[in-house]
Amino acid sequence: MADARTTRLTTRLAARASRAVDSPHFTRAVFVLIAANAVLLGAETYSGVVAAWLPLLKTAEYLFLAAFTAEILLRLAAHADRPAAFFRDPWNLFDLAVVTGAFLPFFRENTTVLRLLRLARVLRAARFLPQLRVVIVAVGKSLPGTLSFLLVGGLLLYVYAMVGWTFFADDDPEHFGSLGRAALTLFLLITLDGLGDAVRTGLEISRWTIVYFASFVLFGSFLLVNLLIGVVIGSLDEARREAEADGEPPRPPSVPAPVVAVEPLPLPLLRARIAAARTALDEAERALTQAAPAGATGPPGERVAG
């Protein structure tokens, strides 16, 4: 009896909390809190504001922490009847880690870590922005392709850095004096930053350096970058399709038509109804016979020869 009562109370609590969490007013309120917390973090970077409003800033921080804690508790209450579902959502885990981390002694004593945790609250805004959430999911899906891109790019960078060190180390030690310097120079050339200066310096050494720089820019800046863009766009399309599929309302299950039980009629009443039906048929037949044209003695539609 006590277990059934507890189950009913838990279900009722989860239903009420779910209605509050799923309401648009709750979503707007949390988003406004996150935006206000971001403004507070930005204000704390100005020493004049901190010196003049330090007590007020600390009070506001405690209020934000209390508000976010209440939000997490309300989300936990919405999953009171199914707590495992709360921990299967990555966004819930992220929110819980960000909020509970502010209460841990190690994080509270470390100012840098505490500021990073407060900054992580701003990232929670992605939860309430569907388009931004799609982009974040797309970035996660593009990681395998991005790792392959990094391997190919690293191999290309290593080969060209070794070639550059071999030919330009003596004439341009500032940019190609070692493998590390050559790799850094070529990495900047992928963004086309300083390409003109590098080409002019190379032409002073040899005219054939134009082949080196042109081929590297072709493979590194155009081919590899476009390949990375293609990987990200493909992941973005996949994430958008999944988001659209998740957003479709579930179809209600088909409910079979109820079977209506028919009670059997008493035998006298059934005989009376059969007799009435026969009488109606006989009257209909007589009416058809009277309406038949002269010379027709058979059924309607048949003519009897005279």
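Having 2 or more residues that are modelled with pLDDT of 75 or more and under 21 Å from residue 221 (Cα atoms) is the bar; report the helices (runs of 4 or more DSSP H) wholly within segment 124-182 that clear it. Steps first, answer last, please.
Working: elements: 130-141, 143-168, 173-176.
Because the criterion is at least 2 residues that are modelled with pLDDT of 75 or more and under 21 Å from residue 221 (Cα atoms), the helices (runs of 4 or more DSSP H) in segment 124-182 that meet it are 143-168, 173-176.
Answer with yes or no whether residue 187 is under 30 Å from residue 242 (Cα atoms) and touching a residue at least 24 places away in the same chain (Cβ under 8 Å).
Taking the combined requirement at face value, the residue does not satisfy it.
Being modelled with pLDDT of 85 or more and either of a type outside the set (Asp, Glu) or over 24 Å from residue 35 (Cα atoms) (or both) is true for just one of 65, 104. Which residue is that?
Working: 104 fails: modelled with pLDDT of 85 or more.
Criteria check complete, one pass: 65.
Can you find a residue in segment 134-153 that is free of Cβ contacts under 8 Å to residues at least 24 places away in the same chain and of a type in the set (Val, Ile, Thr)?
Yes: one or more hits.
So residue 222 clears everything in (1) open to solvent by less than 50 Å² (accessible area, probe 1.4 Å); (2) of a type outside the set (S, T, N, Q); (3) closer than 24 Å to residue 142 by Cα; (4) modelled with pLDDT of 80 or more except one condition, right? Which one?
Only one criterion is unmet by residue 222, namely (1).
Which residues, taken from segment 183-198, are open to solvent by less than 60 Å² (accessible area, probe 1.4 Å) and either hydrophobic (A, V, I, L, M, F, W, C) or at pLDDT below 85 (or both)? Give the steps one after another, and end with the answer.
The initial filter retains those residues of segment 183-198 that are open to solvent by less than 60 Å² (accessible area, probe 1.4 Å), namely 183, 185-186, 189-190, 194-196, 198.
Scanning segment 183-198 gives 183, 186, 189, 190, 194, 195, 196, 198.
In segment 90-127, how many are surrounded by 13 or more Cβ atoms within 10 Å (Cβ to Cβ) and among the hydroxyl-bearing types (Ser, Thr, Tyr)?
1
Go over the candidates 41, 54 one by one and state the one that is touching a residue at least 60 places away in the same chain (Cβ under 8 Å) and either open to solvent by 90 Å² or more (accessible area, probe 1.4 Å) or within 18 Å of residue 114 (Cα to Cα) (or both).
Sole residue among the options that is touching a residue at least 60 places away in the same chain (Cβ under 8 Å) and either open to solvent by 90 Å² or more (accessible area, probe 1.4 Å) or within 18 Å of residue 114 (Cα to Cα) (or both): 41.
Name the residue, out of 146, 201, that is within 30 Å of residue 236 (Cα to Cα), hydroxyl-bearing (Ser, Thr, Tyr) and open to solvent by less than 80 Å² (accessible area, probe 1.4 Å).
Result: 146 is the single residue among 146, 201 that is within 30 Å of residue 236 (Cα to Cα), hydroxyl-bearing (Ser, Thr, Tyr) and open to solvent by less than 80 Å² (accessible area, probe 1.4 Å).
Go over the candidates 67, 85, 36, 17 one by one and state the one that is more than 30 Å from residue 111 (Cβ to Cβ), of a type outside the set (Ser, Thr, Tyr) and in contact (Cβ under 8 Å) with a residue 12 or more places away in the chain. It would help to see each step written out before you state the result.
Values: 67 fails: more than 30 Å from residue 111 (Cβ to Cβ); 85 fails: in contact (Cβ under 8 Å) with a residue 12 or more places away in the chain; 36 fails: more than 30 Å from residue 111 (Cβ to Cβ).
Unique residue meeting the criteria: 17.
Here is a check on your reading of the model: is residue 80 in contact (Cβ under 8 Å) with a residue 60 or more places away in the chain, surrounded by 14 or more Cβ atoms within 10 Å (Cβ to Cβ) and either assigned to a helix (DSSP H, G or I) or not basic (Lys, Arg) (or both)?
Against the criterion (in contact (Cβ under 8 Å) with a residue 60 or more places away in the chain, surrounded by 14 or more Cβ atoms within 10 Å (Cβ to Cβ) and either assigned to a helix (DSSP H, G or I) or not basic (Lys, Arg) (or both)), residue 80 qualifies.
The values are calculated or read from the model by the stated rules, or taken from the named source; none is laboratory data. Here the structure is a predicted model, which is why all the values come from computation and not from measurement. Backbone-built Cβ (ideal geometry, glycine too); neighbour counts: all protein chains shown. Side chains are part of the model used for accessible areas, which takes the heavy atoms of the whole protein and leaves out ligands, DNA and RNA. Shrake-Rupley method; radii C 1.70, N 1.55, O 1.52, S 1.80 Å.
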